[in-house]
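Trainee: Dropping a structure here in structure tokens format, bear with me for questions.
The values are calculated or read from the model by the stated rules, or taken from the named source; none is laboratory data. Computed from a prediction, not measured in an experiment: that's the story for all the values here. Cβ atoms come from the backbone with ideal geometry, glycine included; neighbour counts cover every protein chain shown.
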Amino acid sequence: MSRALLLLGGLLAAVLIPLLLGGSEIWSRLTAFPLPWLLIMFGMILLCWGVNTLRLRLLLGDQCHKVGRLRSLGVVMAAEFAYCATPGGSGGPLTIMALLARHGVRPARGSAVFAMDQLSDLLFFLCALSGILIYALFQHLSQRMEWMLMVSAASLFGGLISCVMVARYHRLLIRLSGRWLARLNIKAATRMRWARKLLQFLAAFTDTLKLPVQTLIKVFALTCVHWGLRYSVLYLALRGLGADLQWAWSFLIQMLALSAGQFSLLPGGAGAAELTSAALLAPMVGKSTAAAAILIWRAVTYYFYLLVGGPVFLLMLGRPLLKKLMKLRQA
């Protein structure tokens, strides 16, 4: 119940922030927005789901036959819903592992697929940010833009260094975490079970890295297509409202806003993402335009995920749970 209230509170804040920012002018901006542009944006999200389905099946490798194409699409949509509906997106990986496990994919392999998916995302953002940094060298930037670039670069390179350190010193980390858990009076059998699961995950992740180079290149190419489409939604919203903002800056604003939303630990970053994007976007395009663009952007990339992904999530996870309850009642 508390999680549902947290989600509802976040959704309320997510709607109120742009409305308060835009004032009475926001309605005229929204009604003047071209309907074909909005339909194109929703079509882009549907294409993103298809791209992520292909990416999931490529990462599953020789186990992709266990999950059909339609089921794979369902896994992607349910995971996106869980990511948007849980604090910090914590439900996303759990949903992927649970649904893949029901089709015979070991939890270690499922978690390795998710980790490889995240690593591919990180590499894309590093490449995109590097391109933006090179582009920025030939532009006259304000202090706000320079700050945005520095924060983005520091966070991404920090994440990459953390991944490398964990991979390089994972045995030391296992030993240190074992000692720390022992001080917390965790039973030795429990510590050994957790360590064994971690080693199984590392082995499965290593197997995923050993996929053919062509497969890994295809995964990264699909990653680029997915994020290129998804991060073009705000840019198209601004263009449809008559604002002239370069794609690179809309990309940076989305990256910082969604990062702030994730660190806020609110479901889908609701409220925090809107507040951050409003603070960054309003000085560039004006309050009413920024508010309308944020509402359109979040409607396409957040509310749409909840509305469409929710029934899929309930169908794939709720129906099996209901069957178990019915069996227990009959027994």
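Trainee: Going by the conditions given, is A272 at pLDDT below 90, among the aliphatic types (A, V, I, L, M) and in contact with a Ser or Thr (Cβ under 8 Å, 6 or more places away or on another chain)?
Mentor: Yes; evaluated as a whole, the condition is true for this residue.
Trainee: Which count do you get for residues in segment 52-74 that are basic (K, R) and closer than 17 Å to A98 by Cβ?
Mentor: Result for segment 52-74: 2.
Trainee: Here's a follow-up. Out of segment 229-258, which residues are over 20 Å from A299 (Cβ atoms) and modelled with pLDDT of 90 or more?
Mentor: none
Trainee: Just to check your reading of the model, which residue among G318, G261 is modelled with pLDDT under 85 and within 26 Å of R29 (Cα to Cα)?
Mentor: After applying the criteria, what remains is G261.
Trainee: A follow-up question, please. How many residues are farther than 19 Å from G318 by Cβ and over 13 Å from the mean Cα position of the chain (by Cα) when one looks only at segment 82-123?
Mentor: Residues meeting the conditions: 12.
Trainee: Then there's this: So, of the residues in segment 209-233 that are surrounded by 18 or more Cβ atoms within 10 Å (Cβ to Cβ) and among the aromatic types (F, W, Y), which turns out to be nearest to R55 (Cα to Cα)?
Mentor: W227
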